[in-house]
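Just so it is clear, none of the values below were taken in a lab; they were calculated from the coordinates. Here the structure is a predicted model, which is why all the values come from computation and not from measurement. Cβ sites come from the backbone with ideal geometry, for glycine too, and all protein chains shown count toward neighbours.
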Amino acid sequence: MSIPDIDYSELQGRKVECPEQCGMCCLCQPEVLPQEMAFFRQNHPSSVIRSKSQDRHFCLAMKKGHGSCGFLNGRRCDIYPNRPTYCRQFPYHFYISDKIHVELDLSCRGAWTGKGNDAVEEARQLAEASEKRLQDALKQATAVYRDFYSICRDAGVMADVSMIRMALSMNIDKFTDPAYLAKIMERSLEDPKMNLDNLVPDGKFDMSEMEDAARDAALGSMSSDDPMCVPVYCDKDWNWNMFMATKDRIVWSVMDDDGDLHEKGTAAPEDIRLRPLEEGGAEVLRDYIAMLNGRESFLGSVFYMMDQLDYEDDLANAYYGSMCVAILDLMWRASMLDHFMGTGMGAEGMKEAIIFFDMDRLDAPTIGAFV
């Protein structure tokens, strides 16, 4: 596949390294592709199992069924030269819509150091190694997107994506203000076809509604007692932090290298309130919003939601509303990390929240596919 066929713009100017102490990506259960099965059947037959997903693909077994990969020992991979393709690709995500885009998983701490390999060149090499797989996925996803656009036009809910994104970019500083987010969410529900022109937040707004929306968005992904199904936050000390939520309690635990959980603290969800941004926090949040605004997987998740809601909402309403929910989710997670760990709401605190959030964001359902 020729290089111009793939969009690497999100990776421009970035370097990525793999910190030896981390191992966070090894908490993700990797698929084993058909061409990789021979090695594992011959050398490690008991380490390959069927996944629990609908397609029942083959994947590597995890410690105790929910810990890190069985081949990770001392935070080092025992089969590194023969690791599966999905392990090699991390932290690059190849998103397939009617085009191919490479997105960088910012939950990887090695994406923040400014050291390591050139991200574009590394992703190019990975793409070349998976050319046929990417081409096959592109054919399938292109057909899905073509059908989606046709349905949207027939339903009268299609809009110019480039104009929607441009309008958000022109107002991006306002998207760090909860009052502005509240106004957008209100308008997205009330206006048949909303836009951001002359949108001014109310002097007074119902903060409790915003608290509820933020809390619900964040807790949605934490509401499981299965460590394989909740987001992981790898902190500065390389601890694997997990947060599991029930209706009345959030449990913060740290998973050890053997797959055992050790409880560190608890809190009632309603005791964690959205905290105001501190020095530098708005700038870090704004830059992340700009990245989301350019991500095709985010757009694909908006399309997925529109399809689930039977094409009732105009694309602009769905897009701006989804962006608000994502921002509130991130801000609430930042507040939760500050509550448990004192990370703050400034530049460093928001960076840590993004590290906690981004893998979950990339895992959101979409009409396209990550391969």
With θ set to phi - 60° and the Karplus curve 6.51 cos²θ - 1.76 cosθ + 1.60, what are the ³J(HN,Hα) couplings of region 41-49 in order, to the nearest whole Hz, using x for Gly and Pro? 5, 7, 10, 9, x, 7, 8, 10, 10
Would you please put 55-68, 263-276 in order of how densely packed they are, using the mean number of other Cβ atoms within 10 angstrom per residue and starting with the highest? 55-68, 263-276
Along the positive direction of the dipole of region 257-371 (beta-carbon charges: Lys, Arg +1; Asp, Glu -1; about the Cα centre), which of L309, Y319, F356 reaches farthest? Y319
Among S297, S253, S107, S223, which comes first, second and so on when ranked by fewest other beta-carbon atoms within 10 Å? S223, S253, S297, S107
Over 24 Å (Cα to Cα) among K99/K193; K174/K351; K247/K351; K174/K236; K52/K139 -> K99/K193; K247/K351; K174/K236; K52/K139
If you take every residue apart from E211 with its C-beta less than 13 Å away from the C-beta of E211, what net charge results, scoring Lys and Arg +1 and Asp and Glu -1? -4
Dipole-positive endmost among P178, M336, G265 within the chain (Cβ charges, Cα centre): G265
The local net charge around K115, scoring Lys/Arg +1 and Asp/Glu -1 for residues other than K115 whose Cβ lies under 14 Å from its Cβ, equals -1
Tell me which aspartates and glutamates have Cα within less than 13 Å of K115's Cα, excluding those fewer than 8 residues away on the same chain? E17
Check every DSSP H run in the chain and write down those whose alpha carbon atoms cover 30 angstrom or more along the long axis and whose mean Kyte-Doolittle hydropathy is -1.0 or greater. 131-155, 315-341
Give the order of M37, M306, M350 when sorted by the count of other beta carbons within 10 angstrom, beginning with the fewest. M37, M306, M350
If you take the square roots of the eigenvalues of the alpha-carbon gyration tensor of the chain and sort them as a ≥ b ≥ c, do you get rounded (a/c under 1.5), prolate (a/b over b/c) or oblate? oblate
Fluctuation leader among N198, N241, N82 - the chain, Gaussian network, Cα springs under 10 angstrom: N198
Ordering 201-212, 132-143, 18-29 by per-residue average of other C-beta atoms within 10 angstrom, highest first, gives 18-29, 132-143, 201-212
Long-range amide H partners of K264, meaning residues 5 or more apart or on another chain whose placed amide H is closer than 5 Å, are W252, S253, V254
Shape call for region 159-370, from the Cα gyration tensor axes a ≥ b ≥ c (a/c under 1.5 means rounded, otherwise prolate when a/b beats b/c, else oblate), comes out prolate
Shape verdict for region 3-137, please, from the Cα gyration tensor: rounded (a/c under 1.5), prolate (a/b greater than b/c) or oblate. oblate
